[in-house]
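Reviewing the structure listed below.
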Amino acid sequence: MSPPPHAVQSQADPVSVWTRRSLLGLQELSAAEIRSLLFTARGFSDVSTRSIKKVPALRGRVVANLFFEDSTRTRLSFTLAAQRLSADVVELTETGSSVSKGETVADTARNVVAMGVDALVVRHKAAGAALVAARAVDCAVINAGDGKHEHPTQGLLDIYTLVDTRLKRAGGVDPRLEAFDLTGLKVAIVGDIVSSRVARSNIAGLTRLGAEVVVVGPPTLAPRSLESLGCRVEHELDGVLGAVDAVNMLRIQFERHSGGAGGGGGGEATKGSPAFPSLREYKQAFALTRERLTRLKEGAVVMHPGPMNRGIEIDGEVADSPQSVIFRQVEHGLSVRMAALYLCVGALGSRGG
Amino acid sequence: MSPPPHAVQSQADPVSVWTRRSLLGLQELSAAEIRSLLFTARGFSDVSTRSIKKVPALRGRVVANLFFEDSTRTRLSFTLAAQRLSADVVELTETGSSVSKGETVADTARNVVAMGVDALVVRHKAAGAALVAARAVDCAVINAGDGKHEHPTQGLLDIYTLVDTRLKRAGGVDPRLEAFDLTGLKVAIVGDIVSSRVARSNIAGLTRLGAEVVVVGPPTLAPRSLESLGCRVEHELDGVLGAVDAVNMLRIQFERHSGGAGGGGGGEATKGSPAFPSLREYKQAFALTRERLTRLKEGAVVMHPGPMNRGIEIDGEVADSPQSVIFRQVEHGLSVRMAALYLCVGALGSRGG
Amino acid sequence: MSPPPHAVQSQADPVSVWTRRSLLGLQELSAAEIRSLLFTARGFSDVSTRSIKKVPALRGRVVANLFFEDSTRTRLSFTLAAQRLSADVVELTETGSSVSKGETVADTARNVVAMGVDALVVRHKAAGAALVAARAVDCAVINAGDGKHEHPTQGLLDIYTLVDTRLKRAGGVDPRLEAFDLTGLKVAIVGDIVSSRVARSNIAGLTRLGAEVVVVGPPTLAPRSLESLGCRVEHELDGVLGAVDAVNMLRIQFERHSGGAGGGGGGEATKGSPAFPSLREYKQAFALTRERLTRLKEGAVVMHPGPMNRGIEIDGEVADSPQSVIFRQVEHGLSVRMAALYLCVGALGSRGG
C-alpha cells in the first residue's frame, strides 16, 4: 500500500495498534483501537476539502458494496471514501433477485471475493450478517449496519464529530482531546433506542472513551434493560436536556417495530406505532423542538444520523440552528470510512502486497 | 482545474461569459450564455471520437447523479460526460426507499454535498426541484429535467445538432454560424408540447438565438396559451411540414397527462389518452410517416429526443432515413453535458481550487 | 490500445487468430478461436493476484453493461474485468422503465453506442438479443446470456477451469494442455439442460476442443433431442458418476420452465415444477450428495455455475469439498472476461485507434 497521509505517518503508534482485517462493531474494540480509527480519520479529513479529493493509498484495490438491505446514503459515503483512497468500487445490491435465488450470505461473499475484491462493505437486515461474511472470506469486511446490532462507522462518525467539536473549541491543543479521551462528556441519545444499531454502536464507543451516555425514550423504545449496555435510561427528555453536552436525535424507525402498522413509505410520518399511543404524543414528549433547544446547555450540540423527518423528531429550525452539527456528521462520515477501509485493508498488507 | 481544451483556450471570450455555478434552465440565460455553452461543447466534441476518451479537466472532482425520477439514458449521458472529464461519478437514485423516509430534496442535496461532491445532476418529477437543490447547496447544480419545466441540456443538444448540421453544410466557415446565430432557422416541435420540458427548453434556447419555433399538436397538447413562450402554435402538421428546416418529434408522454389512463409500461402505445380520442387519430394527424417525410423541404432534418416509439409518433423508416439526425443528437448530448459540467464547476474554481 | 501483457506478446499467434469484434456464442467459433480466448485469459490470470489489479490495455475505453435481464454476479464479473483493463464502465439496467417506454433492443444499443461506448455487454431473456445488438452497432458486443441460447463467457470459464486444473496437476508442462486440447476429457453436465444457455455454451466449447460431454437429467430436462448438439444424453446420474473427469451441476431454473408454477423468489426451492413430480424425487435422482461424491473417479472435479442452492442440486459438504472448484470458476471468470473484452475491442483497434 501507498504510505499513509502525513498526519498519520508522523505518529505511527495509534495506527499500528490496529491489527484487525474487519470492522464488525465497536463493542469488541478496545479504547486504543477506537482511537486508532479516529486518529487515522483525522489524518484523512483534509482530503475532502481539496479540489482534487484523492490519495493513492488503495490504488488498484477493489472495494465491493454488498448491500442486502438498501441504504442510499451509507452506500454513497462508502463509495466516495473508497474513491478518495483511489480504490475501484463495485456495487452489489442484493435486495432483489439474487438473494431470492437461494444463495447464502457466506456463498455470496465468497463469490465476490473470488472475483478479487479486497474489501467487502456489508449491509444486511439480520444481526450478525457481517460476521458471517467475515468468517467466510479472508479479505477485509466492514459492517455497514446489521439488523439492530451495530453500525460501527456511524458510531465512529458521531464520536469523531464530538471530538472534533471540542478540539476546535480548545484551539486544537488540548492533549487529552488529542488522545480522543471523552471523560466527562455527557451525551443523550433520544428516540427509538431499542431498534437502533446506531445507538448500540454509539453507546459502546462513547463509553469506551470515557463519556457518559443517557438514552431517552418511552419505555417501549428505551426499556430499562438497555442499562446492561453501560448507559443510563431515562423516559423524560426535559429532565435531561440541561445536563448534556450533546443530543443525538434518532429517526423513528416504524419499519423495525414488530407488529408496527406504520409500514414503510411516506405514510410513516402520519401513522401510529404500537410503541406509543400517537405520533403527536411522541412529539410532545420527545421531539427536539425550537423551545427545547433553548434549554440546552451553552455549547451543547445537536446531532442526527439522518435521514431527518423535519417536524417529527426534530424541528426544521433546530436542524438548521448553529448548535446543529448534522451536516458535519455527514462530512466526517467520509473520513471515518476512509480510515476503516485503509486500516482493515492495510492489516492485510503483507498478504496482498 | 486543468486548462480547457485548445479550441476553447484560443478564444477565451465565449467561455468567460459564463459565471453561473448552476444550469437550471435555458429561459433565464442570455444568448451569450447559451453560445458560451455551445462553444465549449464544440471544444469537447472531438474527445468522443478519440480512442482514449478523456481530458483531465475535472480530475479529482466528484459528480453526483441525484435522480429522484428514473431516466436511464440521461443519467448514462451525464455519467459518460463526467468520466470523459476525468471526474468520479456517484449515483443516487432516490426513486425508492430513501425519499419515502421523509427527507426533503434540500436535505438530500445538502447531505450529498456534505460528502464533498462538486456537482449535482438533479432529476425530479416536480418543477423547480433543481432550483430548490441549488439554493440549498453551494456546489454546481445541473438540472437534468424537472417536471414539465425544463431539461436544459436536452434543449442544448438539440440546438447544438442544428448548428452543427448547418455548419458542416457550410463547410465550417460561415462566421454567423460560428457565432451560433440561428436567425432565419425555422423549427417545428411536434406532439405533446404541454407536458414537455424538452419543448420548453428548446423554445427558450432557439428563440434566444434567433430561430423561429412553431409547436404543433392537437389543442389539448398544444394549447394557444403556449404562444406566451415566444413560439407559434399550430394544430395541423401537414400545413407546417414544407416550411421548416427541422422537425423535432416528441414522444407522447401518456404518464404525464392528468387523468390519463395510459399508465406506464408497455401498454401505453395501445391505450388512449384523455388528450385525444384515439391513438390512431393522433397518428393520422401528427405522426411523422414515410409519406410526410417526402413533403419536408430539401435539407430539413428530423429530430427526436428519444426513446422513440417506432410506428407511433415516428415511422421506423423515417428514423433511419438520411434526414434523421436522431443518433447524432445522442452523440452531441455528451459534448453539451461535458460543457455544462465544465463551465459550472469551473465557475466555482476560485473557491474549490 | 496499450500492448498486451507479456505472456500474450511473446506468442503472437494464438491472439492474432482472433478477428471478431463480437463474442456471441461458442457454437460459431473454431477451436483455434476458443484457444485464442483461453490463451489470452491465461495471460491475464495473474493480474487478479496482484495487489494492484490493473493493466492499461483498455485505458480510456468505455464498456457498457446493457442488462435487460438482471444478473448481479455476471454483471459484477464483467465490471471488474473491465476495470482491471483500466476501462471505464457504465451500467444500463433496463429491467424497469426504459424498455417499457417502447424502445427496441437495436435502438437502445444504437443510443448507447452513439454516446461513444467501445463495448456492449448484453444480457437479455430472449435468445438472439446480443446478435440483434451486434448487427445494430459497430462496436464490440459480448453476449452475457441470451435466453436459453448461449452464455459464452460462462462456457469459457468452465473450460478454462478444466484446463487449468489439469495443467496444474501436470506441473504446467504438458504441451497438449498448453495448446488447450481436451481430447479424452469426459464431462458430465447435470440438471436442467434444456433451459440452460450455460450447458449449450459448454457443450459447444468442450466438444470443439476434443472433450466428450454427457448431459444428465430427467427426460423433461434432458431430452434425447439434445444429442444434436454433439453430446450424449443420460437419464441416470449414478451410472455416469464413475466415468467422468468433471461434474458440472446446474441450478434448477424453475422460472424458465414453460407453465412452471415455481415463479421466482425464495419459494422456488420448495415448489414443484411441471418438469418432474417433486423436488424430493429430483434430488434423489440427480443431486450431487455427499454419498455420490465418493463414487467420483479419483481426481474428478465438481463444478457449479452459481448461484448454488445448497441442499437442492448440491450438498453443502460437496460444494466445500476438496474436489470442488466452484470458487475457482468464479475467479477464472474474470480472466476470461478480460480476454473477451480485450480481443473484441482489440479487433476494432485499427478503427478506434
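The values are calculated or read from the model by the stated rules, or taken from the named source; none is laboratory data. These figures come from a predicted structure and were not determined experimentally. Cβ placement follows ideal geometry from the backbone for every residue including glycine, while neighbour counts extend to all protein chains displayed.
Residues in segment B:296-310 that are more than 24 Å from B:K168 (Cβ to Cβ) and either without any contact (Cβ under 8 Å) to a residue 12 or more places away in the chain or of a type in the set (S, T, Y) (or both): B:R310 only.
Among the residues of segment B:54-72, the ones that are modelled with pLDDT of 90 or more and at the interface with chain C (Cβ under 9 Å from one of its Cβ atoms) come to 1 in all.
Residue by residue, here is whether (1) facing another protein chain (nearest Cβ under 9 Å); (2) touching a helix residue (DSSP H, G or I) at 6+ places or on another chain (Cβ under 8 Å) holds:
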position	(1), (2)
A:S278	no, no
A:T294	no, no
A:A300	no, no
A:E317	no, yes
A:P322	no, no
A:V330	yes, yes
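Counting just the residues of segment A:300-353 that are out of contact with any strand residue (DSSP E or B) (no Cβ under 9 Å at 6 or more places or on another chain) and of a type in the set (V, I, T), which one comes out farthest from A:R61 (Cα to Cα)? Within segment A:300-353, the match that is farthest from A:R61 (Cα to Cα) is A:I312. Selection of first residues in segment A:42-53 that are free of Cβ contacts under 8 Å to residues at least 60 places away in the same chain and within 11 Å of chain B (Cβ to nearest Cβ) and of second residues that are among the small types (G, A, S) and assigned to a helix (DSSP H, G or I), restricted to Cβ pairs under 7 Å at least 6 apart or on distinct chains, gives the following pairs, ordered by first then second residue: A:S51/B:G352.
The rows are residues; the columns are (1) closer than 26 Å to C:K283 by Cβ; (2) in contact (Cβ under 8 Å) with a residue 40 or more places away in the chain; (3) not hydrophobic (A, V, I, L, M, F, W, C).
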position	(1), (2), (3)
C:K148	yes, yes, yes
C:K168	no, no, yes
C:A211	no, yes, no
C:S225	yes, no, yes
C:S228	no, no, yes
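Within segment C:143-160, the presence of a residue that is crowded, with 24+ Cβ neighbours inside 10 Å, farther than 18 Å from C:V247 by Cα, within 14 Å of chain B (Cβ to nearest Cβ) and in contact with a Ser or Thr (Cβ under 8 Å, 6 or more places away or on another chain) is excluded. Here the helices (runs of 4 or more DSSP H) wholly within segment A:289-353 that include at least 2 residues being farther than 30 Å from A:L29 by Cβ and out of contact with any Ser or Thr (no Cβ under 7 Å at 6 or more places or on another chain) are A:290-293, A:316-319. Reported count of residues in segment B:100-136, each being facing another protein chain (nearest Cβ under 10 Å) and either not in a loop (DSSP other than H, G, I, E, B) or not charged (D, E, K, R) (or both), is 14. Residues that are surrounded by fewer than 21 Cβ atoms within 10 Å (Cβ to Cβ) and modelled with pLDDT under 95 within segment A:314-353 comprise A:A347, A:L348, A:G349, A:S350, A:R351, A:G352, A:G353, listed in sequence order. Kindly establish whether B:R251 is at pLDDT below 95 and within 14 Å of the chain's Cα centre (by Cα). So B:R251 fits the description; yes. Counted as qualifying within segment C:1-52 are the helices (runs of 4 or more DSSP H) with 1 or more residues that are among the aliphatic types (A, V, I, L, M) and modelled with pLDDT of 95 or more, namely C:31-44. Tell me whether segment B:176-195 contains one or more residues that are of a type in the set (D, E, K, R) and in a loop (DSSP other than H, G, I, E, B). Within segment B:176-195, one or more residues are of a type in the set (D, E, K, R) and in a loop (DSSP other than H, G, I, E, B). The residues on offer are C:D158, C:D174, C:D164, and the sole one that is free of Cβ contacts under 8 Å to residues at least 12 places away in the same chain, touching a helix residue (DSSP H, G or I) at 6+ places or on another chain (Cβ under 7 Å) and on the phi < 0 side of the Ramachandran plot is C:D174.
Anything in segment B:196-236 that is part of a loop (DSSP other than H, G, I, E, B) and either in contact with a Lys or Arg (Cβ under 7 Å, 6 or more places away or on another chain) or within 25 Å of B:L37 (Cα to Cα) (or both)? List them, or say none. The answer is B:S196, B:L209, B:G210, B:A211, B:G230, B:C231.
Within segment B:73-85, the set of residues being at the interface with chain C (Cβ under 10 Å from one of its Cβ atoms) and more than 18 Å from the chain's Cα centre (by Cα) comprises B:Q83, B:R84.
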